[in-house]
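> Structure in structure tokens, see below.
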Amino acid sequence: MNTNIASTIITKNKIGIIINPYAGNNKARRAWPKIESQLIKFNISFEKYFTDSSIHASHLAKQVISKDISTIVLVGGDGTLNSLINGLSIEELNRINIGIIPQGTGNDFCRSLNISSKIEDLLNLMQKDQTRLVDLGRVNNNLFANISGFGFDAQVADDINKNNKILVGRTAYLYSILKLLIKYKNIPLHIIIDNQTHISENVFLTAVGNTGYYGGGINIIPSAKPDDGYFHLCTVGDIKKRQVLKSLPGVFSGKHLTHPQVNEYKAKEIIIHLADKNNIGPECPNVPVHADGEILTYLPAKFNIIPSKLKIFAP
């Protein structure tokens, strides 16, 4: 990086940095001193804000933009980004540029956009003003940037957030998958796609993707693109548990799509509700819906795509 150019361009306006020190089981806290030293080294003007809870980034984002700061950098994971976008209005999101230094458990949004965890790479993107305009998803009254879903993957996300205090990345997800699979019961759903296609079936999981990855590198929807104006929906039907274990290695490369119980669809609007509430076992009386790794709502769920609303520094 040319230091003089970087200083001239990047510090033209102050940037706000929101750090979630708890992201990635304190991975972000450990990474911050090096990140801060690089910002100081290149004479970059910044204000730093530390979150104190999983939803605190939404409140901090309001503080940052109230100071007419138009660039926000996040040091955290997918949940930190989700908190930020749900703390601002669509109009406010339109006015800011977002940089991300991924330090979370899964970092799947950044994986989908090839965003590096190195501060030097982010500064180079900022120097070039190299941004990518991506879509947002909405489920009920909640926004998401990556993937939303329910069924087995939502139970895994909930377990990681509540119980996993040690593991990170793919290992954390695999541990929860194996732990929860024994008791899990497939869910009867009715799915309406763009008010035309109707699907009723028992499903193991359903993933509504703006991007393709979740679960620390699971390539659940390889066809998904964050800027094509569509959701890409993946349903895994009434699959047996032994088939899940047999197919599990293939989900990291997208090979699960060849399984006869796996289907993909493309849509702008998706409505999903339980087909038969009496078939839901006592272990899941309500069916949680996760988005970006956080439990945000419950079925029934309505999904809408919001095209070209998030400006992200990305290759």
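The values are calculated or read from the model by the stated rules, or taken from the named source; none is laboratory data. If you're wondering where the values come from, they're calculated on a predicted model, not measured in any experiment. Here the Cβ positions follow ideal geometry from the backbone for every residue, glycine too, while neighbour counts run over all protein chains shown. Surface accessibility is based on the protein's heavy atoms, side chains included, excluding ligands, DNA and RNA. Shrake-Rupley method; radii C 1.70, N 1.55, O 1.52, S 1.80 Å.
> Please identify the pairs in which a residue from the range 283-312 that is closer than 17 Å to residue 160 by Cα and at pLDDT below 95 has its Cβ atom under 9 Å from the Cβ atom of a residue that is of a type in the set (D, E, K, R) and surrounded by 21 or more Cβ atoms within 10 Å (Cβ to Cβ), counting only partners at least 6 apart or on another chain.
These pairs meet every condition: 290/153; 292/78; 292/108; 293/78; 293/108; 294/78.
> Restricting attention to strands (runs of 3 or more DSSP E) lying wholly within the range 159-255, give those where 2 or more residues are touching a Cys at 6+ places or on another chain (Cβ under 8 Å) and open to solvent by less than 10 Å² (accessible area, probe 1.4 Å).
The strands (runs of 3 or more DSSP E) meeting that bar are 205-209.
> I would also like to ask the following. List the pairs whose first member sits in the range 218-245 and is within 19 Å of residue 194 (Cβ to Cβ), whose second member is hydroxyl-bearing (Ser, Thr, Tyr) and in a strand (DSSP E or B), and whose Cβ atoms are under 6 Å apart, counting only residues at least 6 apart or on separate chains?
Filtered contacts from the range 218-245: 233/265; 235/206.
> Within the range 145-156, is even one residue surrounded by fewer than 18 Cβ atoms within 10 Å (Cβ to Cβ) and free of Cβ contacts under 8 Å to residues at least 60 places away in the same chain?
no
> Right, here's the next one. Give all pairs with beta carbons closer than 6 Å in which a residue from the range 43-60 that is at pLDDT 85 or above meets a residue that is of a type in the set (Gly, Ala, Ser) and open to solvent by less than 50 Å² (accessible area, probe 1.4 Å); count only pairs at least 6 apart in sequence or on separate chains.
43/7; 47/16; 51/57; 57/83; 58/83; 58/87
> Name the pairs whose Cβ atoms lie under 9 Å apart, with the first residue in the range 22-36 and aliphatic (A, V, I, L, M), the second assigned to a helix (DSSP H, G or I) and open to solvent by 40 Å² or more (accessible area, probe 1.4 Å), and 6 or more positions between them or separate chains?
Taking only residues 6 or more apart or on different chains, the pairs are 23/29.
> Looking at residue 231, is it of a type in the set (Phe, Trp, Tyr), within 26 Å of residue 104 (Cβ to Cβ) and modelled with pLDDT of 90 or more?
When the stated conditions are applied, residue 231 passes them.
> Can residue 38 be described as open to solvent by less than 80 Å² (accessible area, probe 1.4 Å), over 22 Å from the mean Cα position of the chain (by Cα) and not hydrophobic (A, V, I, L, M, F, W, C)?
yes
> Now, a different point. Quick check: is even one residue across the range 288-305 in a strand (DSSP E or B), of a type in the set (Phe, Trp, Tyr) and farther than 11 Å from residue 149 by Cβ?
So far as the range 288-305 goes, yes, one or more of its residues are in a strand (DSSP E or B), of a type in the set (Phe, Trp, Tyr) and farther than 11 Å from residue 149 by Cβ.
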